[in-house]
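One structure is given below, encoded as structure tokens.
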Amino acid sequence: MSRYYIGLISGTSMDGIDAVLASFDDGCEVHAACSHPMTESTLTGLRHLVQHPDEAGLARVGALDTALGHDFAAAALAVLEGSGIAPESVHAVGSHGQTVYHSPTGPQPFSLQLGDPNIIAVLTGIQTVADFRRRDIALGGEGAPLVPAFHQAMFSHPDEPRAVLNIGGIANVTVLVPGTDVSGFDTGPGNTLMDAWTRLNRGKPYDAGGDWAASAEPDEALSEALMAHPFFARPGPKSTGIEDFNMSWLQSVLDDLRQPPAPEAVQATLCNLTARTIADSMRRACPDPGTLFLCGGGAHNRTLTRQIAEGLEGWRIEPTDTLGIGIDWVEAAAFAWLAHRNLAGLPGNIPAVTGASREAVLGSVFCG
Ligand SMILES: Nc1ncnc2c1ncn2[C@@H]1O[C@H](COP(=O)(O)OP(=O)(O)O)[C@@H](O)[C@H]1O
Ligand SMILES: [Mg+2]
């Protein structure tokens, strides 16, 4: 009989909690998946916390940890509902939580995720594996990205060079070339700047299809100024977050320009920034073309994916659906798999990717 796992994650976009019910008998089979909305007040509190981390009071952080624990538990129960699988049949939940601060370099590195796993375990009755990043950080790694081990296990091919690109709020890539070590790193902003700019100027959560970005030409001066961010030139292992790429940074770059571009030209530039930094780092990491598999919400942005394809001549570009996992569910499936790895006593990190001194079993178990 299959062992079922539930994977839960809310990424930097905070567009909802992704939940999948999966098994790993032979590759990864996704039996059910959903995106579960966060409670409105929790989302408001969360947005304020990540935009103004210096104003966060401890009481507010603690309360959000609890509120998110409830929302994550609800997401786990929602994915089970209608799947025909009872909670008792699920071996474990793997919960990434919600990153509220990622600071992997510096004298006291840390990455902080909220969504109390005790609450998930109690409300679902299912043992829950969580806190996946901090063991890797304790071993000198960045604690991110963690999905490359899953990409390698599920998507690599014995002969064909492949890469997997996840375009969330932040974008990350895994390069899988036969006969060489896996590499993987964050490339920089995925959707986060485009989302923030769209919210500010159009009152919508994102630029559907990338149509607004397609309505103007990128602005060269802005593009140059954004590309000067030191993260892009840094060699890997590297990871980033909305601490680096956010509206305050964008606004400060815009303020320094002699002539501010029109809002649609800013959007076109931000879209182009994501595409260009992805294609540049892909070409550096993998000079021989192969197949690039896309996942994450940014894979729905036609303008973005067209520009990525234009920057990667010779590459075949496909959604991860062709390998059996829908573009919206790869990350949550990865955390279900990391729970499975933890309980099997197997490592979940790739030291060449995160910079950790060695492989390690990731996460802690909270009994159901
Ligand atoms: N139809 C669409 N057109 C353009 N962008 C989209 C579309 N659907 C989703 N997105 C983008 O994907 C983001 C969510 O992607 P996701 O992979 O969940 O990111 P994260 O892991 O950061 O939560 C949205 O915020 C939005 O920017
Ligand atoms: Mg998301």
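Structural remarks
- Surrounding net charge for residue 85, when Lys and Arg each add one and Asp and Glu each subtract one, Cβ distance under 14 Å: -2
- Near residue 201: Cβ cut-off under 12 Å, other residues only, Lys/Arg at +1 and Asp/Glu at -1. The net charge is 0.
- Radius 12 Å from Cβ of residue 242, net charge of other residues (Lys, Arg +1; Asp, Glu -1): -3
- Cα lying deepest toward the dipole's positive end in the chain, options 273, 91, 35, charges on Cβ: 91
- Nitroxide proxy distance, nm - points 7 Å out along Cα→Cβ at residue 59 and residue 217: 5.6 nm
- Residue-wise HN-Hα coupling along region 322-337, computed from phi with Karplus coefficients 6.51, -1.76, 1.60 (Hz; x: Gly, Pro): 5, 9, x, 10, x, 4, 7, 10, 5, 5, 5, 4, 5, 7, 5, 5
- Separation between Cα centres of region 15-71 and region 108-174, rounded to whole Å: 14 Å
- Computed FRET value (nearest 0.05) for residue 231 with residue 89, which takes r as the C-beta separation and R₀ as 51 Å: 0.70
- Relative packing of peptides 10-18, 317-325 - highest average C-beta neighbours within 10 Å first: 10-18, 317-325
- From the C-alpha gyration tensor of the chain, square roots of 5λ in Å: 31, 24, 19
- Amide N proximity, region 119-137 versus residue 66 label position 7 Å along Cα-to-Cβ, cut-off under 13 Å: 119
- Comparing 297, 180, 348 along the charge dipole axis of the chain, the residue lying farthest to the positive side is 348, per the Cβ-charge model.
- When peptides 237-247, 180-190 are sorted by average Cβ neighbour count within 10 Å, with the highest value leading, the order is 180-190, 237-247.
- Exposure proxy ranking, count of Cβ atoms within 10 Å, fewest first, for 99, 303, 354: 303, 99, 354
- Where GluC sites (Glu not before Pro) fall in DSSP loop in region 297-354, at most 16 other Cβ within 10 Å: 313
- Computed from phi, the 3J(HN,Hα) profile of region 88-98 under the Karplus parametrisation 6.51, -1.76, 1.60 (θ = phi - 60°) reads 5, 7, 8, 6, 6, 9, x, 10, 6, x, 10 Hz, with x in place of Gly and Pro.
- The charge dipole of the chain, taken about the Cα centre with unit charges on the Cβ atoms of Lys, Arg (+1) and Asp, Glu (-1), comes to about 460 debye, rounded to the nearest 20.
- By average C-beta atoms within 10 angstrom, highest first, the peptides 333-344, 133-144, 50-61, 202-213: 333-344, 133-144, 202-213, 50-61
- Relative to the longest principal axis of the Cα atoms of the chain, the long axis of helix 40-51 makes an angle of roughly 50 degrees.
- In a reduced charge model with +1 at each Lys and Arg Cβ and -1 at each Asp and Glu Cβ, region 147-323 shows a dipole moment near 200 debye about its Cα centre.
- In order along region 263-274, the phi-based Karplus estimate (6.51 cos²θ - 1.76 cosθ + 1.60, θ = phi - 60°) of 3J(HN,Hα) comes to x, 5, 6, 5, 4, 4, 5, 5, 5, 5, 4, 4 Hz; Gly and Pro are listed as x.
- Per residue, the convex hull volume that the Cα atoms of region 101-249 enclose (Å³): 187 Å³
- Taking amide H as placed 1.01 Å from N in the peptide plane, the amide H of residue 114 sits under 5 Å from that of 98, 99, 100, each at least 5 places away or on another chain.
- C-alpha center-to-center spacing [region 217-266, region 190-204] in angstrom: 14 Å
- Between residue 92 and 6, the built amide H atoms are under 5 Å apart, and every one of these is 5 or more places off in sequence or on another chain.
- The residue among 19, 209, 118 whose Cα reaches farthest toward the positive pole of the charge dipole of the chain, with charges on the beta-carbon of Lys, Arg, Asp and Glu, is 118.
- For the pair residue 344 and residue 160, the difference between a 0.36 nm per residue extended length and the Cα-Cα distance amounts to 63.3 nm.
- Length, then width, then depth: along the principal axes, the Cα atoms of region 147-323 run 51, 30, 26 Å.
Read the figures in this text as sums done on the coordinates, not as results from a lab. Worth saying up front: this structure is predicted, and the values here are computed from it rather than measured. Heads up, the Cβs are rebuilt from the backbone with ideal geometry, glycines too, and the neighbour counts pull from every protein chain shown.
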